[in-house]
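Have a look at the structure below, then the notes.
Just so it is clear, none of the values below were taken in a lab; they were calculated from the coordinates. Because the structure is a prediction, the values reported are computed rather than measured. Note that each Cβ is placed from the backbone with ideal geometry, even for glycine, and that neighbours are counted across all protein chains shown.
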Amino acid sequence: MTDATTMETRTETGTRDALLEVSGLEGWYGESHVLHGVDFHVKQGEVVTLLGRNGAGKTTTIKAIMGLLDKRRGSVKLGGRETISLQARHIARMGIAICPEERGIFSSLSVEENLHLPPKLAEDGLSTDRIFELFPNLKERRRSQGTKLSGGEQQMLAIARILRTGSKFLLLDEPTEGLAPVIVQQIGRTISALKEEGFTIVLVEQNFRFAASVADRHYVVEQGRVVDMIPNHALDANIEKLHAYLGV
Amino acid sequence: MFELLGVPPQVLMGQLLIGLINGSFYAVLSLGLAVIFGLLNIINFTHGAQYMMGAFVAWMLLNYLGIGYWPALVLSPLVVGAIGIVLERTMISRLYKLDHLYGLLLTFGLALIIQGLFRNYYGVSGLPYAIPPALQGGQNLGFMFLPNYRGWVIVASVIVCFGTWFMIEKTRLGAYLRAATENPELVGAFGINVPRMITLTYGFGVGLAAFAGVLAAPIYSVNPNMGADLIIVVFAVVVIGGMGSIMGAILTGFGLGIVEGLTRVFYPEGSAVVIFVIMAIVLMIKPEGLFGSST
């Protein structure tokens, strides 16, 4: 076979210019083996979702990328650099930030303290003023206890605090879960705006309508593996298949 | 002068003062325990031995190196805190993923070893440590005589306790500490070095114990058992206040010292057990402690 074919295959899978390249990723919570070889990649500036049923391993995949599992194996390359043996704090310093599913707002910290907790990793993060401009509610309530905010405000805070760090690669775990439609729209606009600015985002979602409104590509996760990839433009053609995957 | 229930005010005030001094030690020691427990989830049974080491290091500085009380007040907590850091790095840090019980066993064993070593070299009769010249003498307050050194112990304890409280509750460093107490994983995922923070926090908590030890040296004799006697009461104080609550540890420490002093006036037979009786009652009514949260 010629070089051209190899080239073509590589371009098609697109791993060549991937910012994040996950291959054969296995992960454990204590003794239980949750991820059984996850493969996917994300290119610079892309918004990619992980779709799948409850317990499929989406959140675990995110945590594994961030280095938050008890044990992980396989390969997670960030900007070409292998991170599988690194600790979470070293991975974070490579410019990747997580917004966890449970939002992770600290109850013993005020809104402002929560916002300022993650250290700045790069100079071009959003300033506090700019964040308060984007999320005026947070400014108004900056002296309140973090967990006294509404669910929507807590989600805003969880996103805002990682924007301050200057990380350009975000892992967002179900940012719309349990929120009112108007807040979901606001979060959708925020994600689109971030994409415009060149952020790379991996989004875990159950709400695939929301996912379709913001993402470039969708990976389907099932039983700890990625079983399919659907580009956003081909979503309509694959809707039956997707429903079968998600069991809706 | 007035009398209260047949008790002369001199006696009442005298016991209140003793109560307040005991309370100072309870507060500083239980504060250290609370800080350590909050972040490390380790019940530091070595705390009493570290308090004793604080007093001994002050004594050694004076008798071997001629370094007096005031530098010792800073140096001794640094030395004992540094020893604590070595213990944390080499031993305690291996237990974080295990049950509380293992940390308790390790630190209890360490306490026995440390106390045994000091008993072996220095005996149990106690070594004298003089009150620094600047704090000798006392003030006649009219209703009572206040020895200067005892007044200083109370003032120094209050300053250290509220300084620690301020640092933890009001500063950026404290925000890291509070956040790591709640969710160390996530704090690590923001790029913060949590293991280093844990090590330094342990060192700080141990340093607080040593500080109390230096304060205690001129009042009680410097004795290998001085910590073992005190720490049992301090654990009762921590249980009453609620494990891990900073302000709870401080207020309960001072408060119970005073309660103990008053009991000595009005019902002397009960003074040795009153704190344990209160502990039993608190455990029945509010098991998480007066200032603890139920979660």
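Translational diffusion of the stretch B:19-229 was estimated from the Stokes-Einstein equation, with Rh taken as the Kirkwood radius over Cα pairs; at 37 °C and 0.692 mPa s the coefficient is 184 µm²/s. Can you tell me how chain A classifies by the Cα gyration tensor, rounded, prolate or oblate, using a/c under 1.5 as the rounded cut? Prolate shape, in that a/c is at least 1.5 and a/b is the bigger ratio. Here is how the number arises for the protein assembly as shown: DSSP H runs of 4 or more residues each give -39500 (n - 2.57), the sum is divided by the residue count, and the result at 222 nm is -17500 deg cm²/dmol.
Please work out the FRET efficiency for the pair residue B:139 and residue A:185, using the Cβ-Cβ distance as r and a Förster radius of 60 Å; give the result to the nearest 0.05. After rounding to 0.05, the efficiency reads 0.30.
Between the amide H of residue A:226 and those of A:39, distances stay under 5 Å, these residues lying 5 or more places away or on another chain, with hydrogens modeled in the peptide plane. Close amide H partners of residue B:138, meaning residues 5 or more places away or on another chain with modelled amide H under 5 Å apart, are B:148. The ranking of B:278, B:85 by Cβ neighbour count inside 10 Å, starting from the fewest, reads B:85, B:278.
Straight-line cross-link partners of residue A:71 among the lysines, defined as a Cα under 20 Å from its Cα and at least 8 positions apart when in the same chain: A:58, A:63, B:97. For residue A:241, the aspartates and glutamates whose Cα falls under 16 Å of its own Cα, not counting residues fewer than eight places away in the same chain, are A:222, A:228.
The relative contact order of the stretch B:19-229, computed from alpha carbon pairs under 8 Å that lie at least 6 residues apart in sequence, is 46 percent. Within the stretch B:137-232, report the GluC sites (Glu not before Pro) that DSSP leaves as loop and that have at most 10 other Cβ atoms within 10 Å. In loop regions of the stretch B:137-232 (DSSP not H, G, I, E or B), there are no sparsely surrounded GluC sites (Glu not before Pro).
Whole-Hz Karplus values for the stretch B:210-219 come out as 5, 4, 4, x, 5, 4, 6, 3, x, 8 Hz, taken residue by residue from phi with 6.51 cos²θ - 1.76 cosθ + 1.60 and θ = phi - 60°; glycine and proline positions read x. Peptide B:187-200 shows a mean partner chain C-beta count of 6 within 10 Å per residue C-beta.
Of the GluC sites (Glu not before Pro) in the stretch A:146-248, the ones in a loop by DSSP (not H, G, I, E or B) with at most 15 other beta carbons within 10 Å are A:197. The fewest-to-most ranking of A:34, B:259 by surrounding Cβ atoms within 10 Å reads B:259, A:34. Positive end of the dipole of the stretch B:19-229 (Cβ unit charges, origin at the Cα centre): among B:21, B:40, B:100, the Cα lying farthest that way belongs to B:40.
The mean number of Cβ atoms from other chains found within 10 Å of a Cβ in peptide A:61-67 is 1, as a whole number. Rg/Rh, computed from the Cα trace of the protein assembly as shown with Rh as the Kirkwood radius, has the value 1.10.
Taking label points 7 Å from Cα along the Cα-to-Cβ direction, residue A:241 and residue B:172 give a separation of 5.1 nm. Residue order for A:233, A:116, A:33, A:218, fewest other beta carbons within 10 angstrom first, comes to A:233, A:33, A:116, A:218. For residue B:170, the aspartates and glutamates whose Cα falls under 19 Å of its own Cα, not counting residues fewer than eight places away in the same chain, are A:112, A:113, B:182. Taking amide H atoms as placed 1.01 Å from N in the peptide plane, the amide H of residue A:74 lies under 5 Å from those of A:26, each 5 or more residues away in sequence or on another chain.
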